[in-house]
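Student: Got a structure here, written out as structure tokens. Questions coming.
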Amino acid sequence: MLRLCAVVLTLAVCVLAVREKRDMTITELRELYNTPVMVAEKFVRRKEGLPSWMPTLPYIGTHSGVRVTLPDGRKFLIHKGRDYGSASDTVVTDAAHMRSGWKKRGGDTLCFGGAVTVGDMVRAGGQQYSLWRRQYCHTATKAMMNLC
């Protein structure tokens, strides 16, 4: 019985290790930032920690970002938040890790057709998060969507 528990525990650790997010190498990151964006879509979700009974209004109680599609079909979410990244508060994450709460905003899809890169979108999102200077997720999302 003890051996069976050890095997099950070992398998569980291996499965969790495979599911963990992996940081990109510098080369992969550089390639990603230089990759053209084919499609950009605005996504919104309820802010974490808000009670489900609390209504949300546009810009109040919500978090937004832009999901981009690359020429090879890969999708990434670019969004901004306080302390999301180390060098910048605007970060790029694999869209496979988006929770089910993210919803596409109808009509907020732009086809860039490769005229804009992922790096251009990150720069448009801005480096620092600040509510007082109007540098937050919604202004970052709007700036990214206005690139075209």
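Coordinate-derived values only; no laboratory data. Not measured: the values here are computed from a predicted model. Glycine gets a Cβ as well: all are built from the backbone with ideal geometry, and neighbour counts include every protein chain shown.
Student: Mind running the shape call on the stretch 23-145? Use the C-alpha gyration tensor, a ≥ b ≥ c as the square roots of the eigenvalues: rounded below 1.5 for a/c, prolate if a/b tops b/c, oblate otherwise.
Tutor: Here the stretch 23-145 falls in the prolate category.
Student: Another question, then. What does the extension gain come out to for I26 and V39, with contour length at 0.36 nm per residue minus their alpha carbon separation?
Tutor: 2.2 nm
Student: Here's something else I'd like to know. Identify the trypsin sites (Lys or Arg not before Pro) of the stretch 81-135 meeting these criteria: DSSP loop state and at most 11 other C-beta atoms within 10 Å of the C-beta.
Tutor: When the trypsin sites (Lys or Arg not before Pro) of the stretch 81-135 are filtered for loop state and at most 11 Cβ neighbours within 10 Å, R82, R99, R133, R134 remain.
Student: Oh, and also: Mind listing the phi-derived Karplus ³J(HN,Hα) values for the stretch 77-82, rounded to whole Hz, using 6.51, -1.76 and 1.60 with θ = phi - 60°, and x for any glycine or proline?
Tutor: Per residue, the Karplus-derived 3J(HN,Hα) values read 9, 10, 8, 10, x, 4 Hz.
Student: What order do you get for 23-33, 67-77 when each peptide is scored by the mean count of other beta carbon atoms within 10 Å, highest first?
Tutor: 67-77, 23-33
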